[in-house]
Amino acid sequence: MNLFAGSEEKTNRAIIIAIVVMMVVVAGGVLLVSAPASRLLGESAYSIRSAFHGLFAGVLMVTITIGMYQAFRLWTGIPINMKELGMGSVVNAAACFLTILFGNWLYIPYRAQGGPRFYFLEKAPEIHKIFFEFKEFGALFTLPLLVAATYIIWQYGEKLNANKPLRMVVALLLTLGFFYFLVAFGLGAAITKLKAA
Amino acid sequence: MNLEKKGAAQAAFLSAMFGCLTLALVNVGTEMSEAFKNWVHWVGKLWIPGAQGIGPYSGKETFMLVGWLLSWLVLYRLLRNREWNNALVLAIFLVGIGVATTLIWPPVFMHLAGHH
């Protein structure tokens, strides 16, 4: 009887996964044939690296916001599924790394002769000298903070639920990561609006 | 490693702070000295693809990584089976992050470097 129930559960899960995959394929197919990809990416010679930097920053915005919610739960002591938190924290740290990686690549045209840096230094130097410089350093702070949070979650696992000081440390790391991300994301978006690479 | 102790976690978050602080201090140094800035850029060019275009920022990233990972290794070896007073370690962490954040605020590092 138990064996039968287990098999039924597996079948239901397989059906749900198949439906989700089918929906993604259909949505992707419609997007592929109908969306003007060139308009989506923009006409700049650096559109691909800009798109990936923005894509991973967008993913990070989602995962880090979930991280903030988890930080609140860790702080207040609401029991958490550590496997779920562990997986989320890895995605969070990976998205952070990839955002920085593509940001580095995008920094080359930003600094190039005639690029946005030159434009800002000529027209409004404080945009580069204050806001961009603060953004580029603050953005880097997110990586060690989020990796440290991920490491503690994976290393201590279920022990975290009963360890209030460590729960609070992880909550603090996720909150600080969120803060530096928000500064970098907000200033990055504003600078892109003012002058794209 | 003794997971009943908080040492491994303390090593992780303290080293994150050291990484941020290293970045902030190296940046102040590059603003103070042109020769140091060129050397930092040279370090970045040793291993980061496209570092010529990225500029001294590539070297600053390198020093942040080295400061972070090296301090993690040292602290991990020190703390894996023990722990320091958590409140004290947390206070050091917060002060360090606060100092690093202040030092990366451009008006502050420009002032320290004597660019008014």
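The values are calculated or read from the model by the stated rules, or taken from the named source; none is laboratory data. This is a predicted model, so every value here is computed, not measured. Methodologically, a virtual Cβ is constructed for each residue, glycine included, from the backbone with ideal geometry; neighbour enumeration extends over all protein chains shown. To get the accessible areas, we keep the full protein, side chains included, count just its heavy atoms, and leave off ligands, DNA and RNA. Shrake-Rupley method; radii C 1.70, N 1.55, O 1.52, S 1.80 Å.
Please find, among A:Lys159, A:Lys123, the residue that is at the interface with chain B (Cβ under 10 Å from one of its Cβ atoms), open to solvent by 30 Å² or more (accessible area, probe 1.4 Å) and more than 22 Å from B:Leu103 (Cα to Cα).
A:Lys159
When you go through B:Phe36, B:Phe18 one by one, which is the residue that is touching a Gly at 6+ places or on another chain (Cβ under 6 Å) and surrounded by fewer than 18 Cβ atoms within 10 Å (Cβ to Cβ)?
B:Phe36
So if I check each of B:Gly50, B:Gly55, which one is open to solvent by 30 Å² or more (accessible area, probe 1.4 Å) and within 9 Å of chain A (Cβ to nearest Cβ)?
Only one candidate passes the filter, namely B:Gly50.
Which residue, of A:Asn104, A:Asn92, is away from chain B (no Cβ under 12 Å), within 22 Å of the chain's Cα centre (by Cα) and within 23 Å of B:Cys20 (Cβ to Cβ)?
Exactly one residue qualifies, and that residue is A:Asn92.
Name the residue, out of A:Val147, A:Val169, that is open to solvent by 30 Å² or more (accessible area, probe 1.4 Å), aliphatic (A, V, I, L, M) and at pLDDT 95 or above.
Exactly one of A:Val147, A:Val169 is open to solvent by 30 Å² or more (accessible area, probe 1.4 Å), aliphatic (A, V, I, L, M) and at pLDDT 95 or above, namely A:Val147.
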